[in-house]
Amino acid sequence: MTQELGRLEDLPADYVQNLRDLNLVPLWPSLRGVLPANIPTRQTRPIHWPYQSIKPLLLKAGELTPIEKAERRVLVLANPGHGLDKMQASSAIYLGMQLLLPGEWAPSHRHTPNAVRMIVEGEGAYTTVDGEKCPMQRGDLILTPTGLWHEHGHDGTEPVIWLDVLDLPLVYYMEASYHVNGKPQTVVTGRGDKQYAHGGVVPTKVFERSKKAYPMLRYAWTDAKAALQALAADDPAIEQVQVTYTNPETGSDAENILGFYALMLRPGQSLRLPARSPAQVFHVIEGEVQTHIVNSQFHLLEADTCCAPGYEAVTLVNLNSQRPAFLFIADESPLHRKLGVYENRG
Ligand code: 1HN
């Protein structure tokens, strides 16, 4: 049993004040708070953000705020457990839905937090990252890792919307978050997503390593989906039909702090993900999925997003008995593994 510890109120007020005047604090009244028994306190609540409620408000933002006044026109998917003003989905994950209208341009900048974009809707936009002009199509994942220049443009005719995922809350907490503005980039030849599109056969320079820390910046949905379908067809016994977005030269996670995955649920499949320490985000690329997270059940439609706190099992159910469902997942696993706090509790 955990021993009850002395409270602040048990101490003489003048003693506590003496301590405070010297910038000193007694540990024992707060010890259980910062180090609770058996399982951490989590501010991250299970939250569902339905796309159909975000989209009209995002389009309205397009009318209310010109891109020049926004730089990035984003509605942040904030978790009330952390306080909406903190703009965090979990302790390390930031989520936002971004709108770019035809003809608009979001100027070049770079920053310390790592970002990725998952394209939700629309054709004709592109993002230029480190000189590589990456077309944005539904379901594509595009990286803008720490320090790389990036800007967005749109030559199409319809609004384009994407989901931004950043490790901003963590980098901000570290007092390491800042940006630098730049000039429009010169587009270079040679695109990592073309060179590394086929995982088993990669450019021979792999053995000497390119000078790029992030050799592949765009992961086409057509490739990720084909990989999932091939995996499912190859072995009907695989329960978790999932791929990890990796750095094709090192085989490690695509970015340093957050992990990114695509998951296929077979028609009608119910999949239980074990309770692991990292928090997670689920975003539906195709299909309809029911999620069970702690005491919440969410019915996710296409383009819906939800989050789950760490240390909790999650059950995902494909509600369609004829067709597979496809999810994009972001989590804090690379961070937890690097820091040595990663746990799988089953
Ligand atoms: C950012 O640079 C982008 O480049 C989107 O599109 C969202 C949220 C916080 C900080 C920087 C972008 C962002 C961001």
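Some observations on this one:
- Note on the chain: with a GNM built from Cα contacts shorter than 10 Å, the maximum mean-square fluctuation among R20, R272, R72 falls on R20.
- Alpha-carbon radius of gyration plus Dmax, which is the widest Cα pair, for region 66-185 in Å: 13.9, 41
- For the chain, the longest principal axis of the Cα atoms and the long axis of helix 51-64 meet at an angle of about 80 degrees.
- With the convex hull drawn over the C-alpha atoms of region 137-294, the volume per residue is 180 Å³.
- Cα shape, region 94-160, gyration tensor, a/c 1.5 rule: prolate
- Remark on region 165-215: hydrodynamic radius 14.5 angstrom, per the Kirkwood mean of 1/r across alpha carbon pairs.
- 14 Å beta-carbon shell around Q43, net charge (K/R +1, D/E -1): 0
- For region 328-342, the residues whose amide N sits under 15 Å from a probe point set 7 Å from the Cα of A176 along the beta carbon direction are 334-340.
- q = 0.11, 0.13 Å⁻¹: log10 I(q)/I(0) that the Debye formula gives for the chain, counting C-alpha atoms only: -0.78, -1.04
- Accessible area per residue for region 1-98, computed on protein heavy atoms with a 1.4 Å probe, is 67 Å².
- Building the convex hull from the alpha-carbon atoms of region 257-300 and averaging its projection over directions returns 3.7 nm².
- Checking every one of the GluC sites (Glu not before Pro) in region 89-195 against DSSP loop status and a limit of 11 other Cβ atoms within 10 Å picks out E175.
- Element breakdown for region 113-206 at a 1.4 angstrom probe: carbon and sulfur atoms account for 54% of the accessible area.
- Carbon plus sulfur fraction of accessible area for region 1-101, probe 1.4 Å, in percent: 56
- Across P215, P40, P267, mean-square fluctuation computed from a Gaussian network of the chain (C-alpha pairs under 10 Å connected) peaks at P40.
- Region 19-123 - Kirkwood radius from inverse mean 1/r over Cα pairs (Å): 17.3
- Intensity falloff of region 31-92 expressed as log10 I(q)/I(0), Debye formula with alpha-carbon point scatterers, at q = 0.17 Å⁻¹: -0.72
- Note on the chain: helix-only mean residue ellipticity at 222 nm, from DSSP H runs of 4+ residues weighted -39500 (n - 2.57) and normalised by residue number, equals -4500 deg cm²/dmol.
- Area projected by the alpha carbon convex hull of region 249-329, averaged over all directions, nm²: 5.7
The values are calculated or read from the model by the stated rules, or taken from the named source; none is laboratory data. Since the structure is predicted, the reported quantities are computational estimates derived from the model, not experimental observations. Positions of Cβ are backbone-derived with ideal geometry, glycine not excepted, and every protein chain shown enters the neighbour counts. Just the protein is used for accessible areas: all its heavy atoms, side chains included, with ligands, DNA and RNA removed. Shrake-Rupley method; radii C 1.70, N 1.55, O 1.52, S 1.80 Å.
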